[in-house]
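Quick note: the coordinates plus some simple rules give every number you see, no bench work behind them. Because the structure is a prediction, the values reported are computed rather than measured. No Cβ is skipped: glycine too gets one built from the backbone with ideal geometry, and neighbour counts run over all protein chains shown.
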């Protein structure tokens, strides 16, 4: 297990995320260390990493950690509330899937309650904020009609031309229930184009498998496809949440001996996304002590780039600090094996500079005909922002000097 500042607190967080079905050497806390454990840090980090239910499960099963009464009460109440929310969302998911299926539409939920039930055998243990489903893009007009006829409205409002452009350039469309208690994100692609993740949604939909969920059959991604997607999603988001790594570990342990990991690697090579997959697997073995099949562990030792990325994630995981833009760019560039797959990132940065971002447009809203002037606006805006920060800092120093 890796060494961190606050090693006992972070060991507890990592052990909470271990796959239940895998044997592990668990760290037994000594009474002296346990009395000094910073439970507020543990709760804050568990919330940030979306593993409060996992922490509750671990503490319930390992009483030697002896959490304070108020900590356990907080976790118990949180898990109860989370379970109620998740069950409500699950019922709504099943209702909409029935309605969509009745129209002959093929829809596969992913993440959310179906993934929680599949990986953890517990709908309430994996927090989620919306319901993600995959469809064929050509089915979108019919899917939209079903949602709008059954208590939902589109989060965005487009005219016909704008909607067509959106469907060809974006990956998903949000529908909000009229009482605003549920949000569906309907996907026809997995990641935005800048990430050049080429897993074909039509092939994924052709491979989906039914799983039982609340007495119904729900279509679920084939395990190798799910592993590929989860690794791509985590890599896109810099693996900032331990829960994403826990998902990888649970899936690998469940399918350790059926060739799922090897098949995912074969598909990853076909779509030139092997490094995304290997990073997810390396993080799961490094932090959560899982065994990888075959000689993959040895191979990972020789992949310097994956090792560097793993170390970067581990070092940042529990800092609570926002990643600087330069780190984010370098991370995404290193994630791609081929130069041609890095080009969309370079183009994305160029567009932000040439056409301005939200902060530039907030400073001055140029008409489309004058948008070419944004490269001149950006330096002025950056100087203004830095001067503002300097003024705020000077003000804080002045206030502190009076006390």
For the chain, just the Cα atoms, rotate onto the principal axes and tell me the three extents in Å, largest first.
69, 69, 48
Estimated Rh, segment 70-128: Kirkwood, alpha-carbon pairs, angstrom:
12.5
Net length gained if the chain between residue 153 and residue 174 were fully extended (0.36 nm per residue, minus Cα distance):
6.7 nm
Segment 67-211: relative contact order in percent, alpha carbon pairs under 8 Å with at least 6 residues between:
21
Of all the C-alpha pairs in segment 79-221, what % are more than 22 Å from each other?
38
Based on alpha-carbon positions alone, could you give the equivalent ellipsoid semi-axes of segment 291-345 from the gyration tensor, as √(5λ), descending, whole Å?
23, 19, 7
In what order do 96, 276 fall by count of nearby beta-carbon atoms within 10 Å, going from fewest to most?
96, 276
Fewest-first ranking of 35, 101, 16, using other Cβ atoms within 10 Å as the exposure measure:
35, 101, 16
For 343, 14, what's the fewest-to-most ordering of other Cβ within 10 Å of each Cβ?
343, 14
Using a Förster distance of 56 Å, how high is the FRET efficiency between residue 209 and residue 36, based on the Cβ-Cβ distance and rounded to 0.05?
0.70
For segment 169-239, shape from the Cα gyration tensor axes a ≥ b ≥ c, cut at a/c of 1.5 then a/b versus b/c, turns out oblate
Taking 51 Å as R0, compute the FRET efficiency from the Cβ-Cβ separation of residue 161 and residue 258 and round it to 0.05.
0.60
Given the -39500 (n - 2.57) contribution per DSSP H run of 4+ residues, what per-residue ellipticity at 222 nm results for the chain, rounded to the nearest 500 deg cm²/dmol?
-18500 deg cm²/dmol
Using a Förster distance of 45 angstrom, determine the FRET efficiency expected from the C-beta separation of residue 77 and residue 303, and round it to 0.05.
0.55
Working only with C-alpha atoms, what are the Rg and Dmax values of segment 95-156, expressed in angstrom?
12.9, 35
